[in-house]
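Below you'll find the structure, written out as structure tokens, and then a few comments.
The values are calculated or read from the model by the stated rules, or taken from the named source; none is laboratory data. Note that the structure is predicted; figures quoted are calculated from it, not measured. Here the Cβ positions follow ideal geometry from the backbone for every residue, glycine too, while neighbour counts run over all protein chains shown. The protein model used for the area step is the full one, side chains on, heavy atoms only, and it has no ligands, DNA or RNA in it. Shrake-Rupley method; radii C 1.70, N 1.55, O 1.52, S 1.80 Å.
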Amino acid sequence: MRTPTAAEHDGLDQLLDEAFSSPRIRPAPERRSQLDVALRMEIRRLIPVVQAQADRISRGTRAWYSRDKTLAEARDELKQGLSPSSLAACLRLTALARVVCALDDFAGGEP
């Protein structure tokens with residue numbers, strides 16, 4: 001597995017910070033769409049990494065279950081679109097950001 005560079009990690013941190021603060025700041029619709037796309041791309045990048053970890057872990061263990069649950073949540077979040085409502089869209093961005101954080105935690109660690 002490739003370790004992210006410092007610049008990539010900083011970019012991810014900035015993306016997550018902006019997504020988590022979006023309900024307070026309420027970015028313009030265009031920026032909300034950009035954040036949505038960036039978060040979804042990150043989720044799609046991380047799902048195979050975490051899935052590969054889950055596949056190597058004994059099924060039914062706590063480590064396997066936590067990854068399996070996070071993967072299911074990630075796939076569910078990808079099915080949801082952004083609402084035209086500003087607040088609802090921002091809340092969706094925070095949900096996507098939470099999934100990115102969970103997947104990133106697993107992807108950075110050992111199974």
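When 11, 60 are screened for being in a helix (DSSP H, G or I) and modelled with pLDDT under 95, only 11 passes. Quick check: is even one residue across segment 38-55 without any contact (Cβ under 8 Å) to a residue 40 or more places away in the chain, of a type in the set (Asp, Glu) and surrounded by 18 or more Cβ atoms within 10 Å (Cβ to Cβ)? Checked against the condition, which is being without any contact (Cβ under 8 Å) to a residue 40 or more places away in the chain, of a type in the set (Asp, Glu) and surrounded by 18 or more Cβ atoms within 10 Å (Cβ to Cβ), segment 38-55 yields no hits at all.
All of 35, 71 fail the test of being more than 11 Å from the chain's Cα centre (by Cα), closer than 19 Å to residue 97 by Cα and buried (at least 16 other Cβ atoms within 10 Å of the Cβ), apart from 35.
Reported count of residues in segment 56-68, each being open to solvent by 60 Å² or more (accessible area, probe 1.4 Å) and not charged (D, E, K, R), is 3. Does residue 66 qualify as being touching a Leu at 6+ places or on another chain (Cβ under 8 Å), modelled with pLDDT of 95 or more and of a type in the set (S, T, N, Q)? Considered against the rule, which asks whether it is touching a Leu at 6+ places or on another chain (Cβ under 8 Å), modelled with pLDDT of 95 or more and of a type in the set (S, T, N, Q), residue 66 comes out as no.
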